[in-house]
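The block underneath contains the structure these notes are about, expressed in structure tokens.
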Amino acid sequence: MKSFVTRAVDRLGRIVLPIDLRKKHRIETGTALEVGEDDKGQIVLRRQALYCQICGSMDGLVEFAGKKCFICEGCKCGIQEMT
């Protein structure tokens with residue numbers, strides 16, 4: 001088992017991730033992380049999965065309008081056909 005570090009939750013519910021973990025996992029300011037609970041009731045923190053904002057696909061993603069919003073190639077082609 002890996003070693004753990006204790007961090008207190010502040011009054012807004014925030015915690016600070018240790019610098020060594022941020023470096024190891026390339027978590028920088030602005031990196032989106034998902035927080036949830038698994039089927040065993042454990043809290044899970046993971047990098048946000050990228051998916052198409054239109055159909056939900058995770059394949060063939062391209063950034064849409066430079067806004068850190070992603071759509072798949074299929075939806076991009078569909079949008080281009082509509083214009």
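Residues of the range 25-42 that are modelled with pLDDT under 90, surrounded by fewer than 11 Cβ atoms within 10 Å (Cβ to Cβ) and not in a loop (DSSP other than H, G, I, E, B): Glu34 alone. Consider Gln80 carefully, then state whether it is of a type outside the set (Gly, Ala, Ser), exposed (fewer than 10 other Cβ atoms within 10 Å of the Cβ) and either out of contact with any helix residue (DSSP H, G or I) (no Cβ under 6 Å at 6 or more places or on another chain) or part of a loop (DSSP other than H, G, I, E, B) (or both). Answer is yes for this residue. In the range 8-20, the residues that are assigned by TED's automatic domain parsing to the domain that holds Ile43 form Cβ pairs under 9 Å with partners that are among the basic types (Lys, Arg), at six or more places apart or across chains, as follows: Ile15/Arg7; Val16/Arg7; Leu17/Arg7; Pro18/Arg7. Criterion applied to Ser57, Ser3 was being assigned to a loop (DSSP other than H, G, I, E, B), among the hydroxyl-bearing types (Ser, Thr, Tyr) and modelled with pLDDT of 85 or more, and the one residue passing it is Ser57.
Does Gly13 satisfy the condition of being exposed (fewer than 10 other Cβ atoms within 10 Å of the Cβ), at pLDDT 90 or above and either out of contact with any Asp or Glu (no Cβ under 8 Å at 6 or more places or on another chain) or assigned to a loop (DSSP other than H, G, I, E, B) (or both)? Spelling it out, Gly13 is indeed exposed (fewer than 10 other Cβ atoms within 10 Å of the Cβ), at pLDDT 90 or above and either out of contact with any Asp or Glu (no Cβ under 8 Å at 6 or more places or on another chain) or assigned to a loop (DSSP other than H, G, I, E, B) (or both). Selection within the range 55-77: residues that are among the charged types (D, E, K, R) and more than 27 Å from Arg14 (Cβ to Cβ). The member of this set that is surrounded by the most Cβ atoms within 10 Å (Cβ to Cβ) is Lys76. When restricted to residues that are outside any loop (DSSP other than H, G, I, E, B) and surrounded by fewer than 11 Cβ atoms within 10 Å (Cβ to Cβ), the range 45-54 contains 1.
The values are calculated or read from the model by the stated rules, or taken from the named source; none is laboratory data. Since this is a predicted model, take the numbers as computed values, not measurements. Glycine gets a Cβ as well: all are built from the backbone with ideal geometry, and neighbour counts include every protein chain shown.
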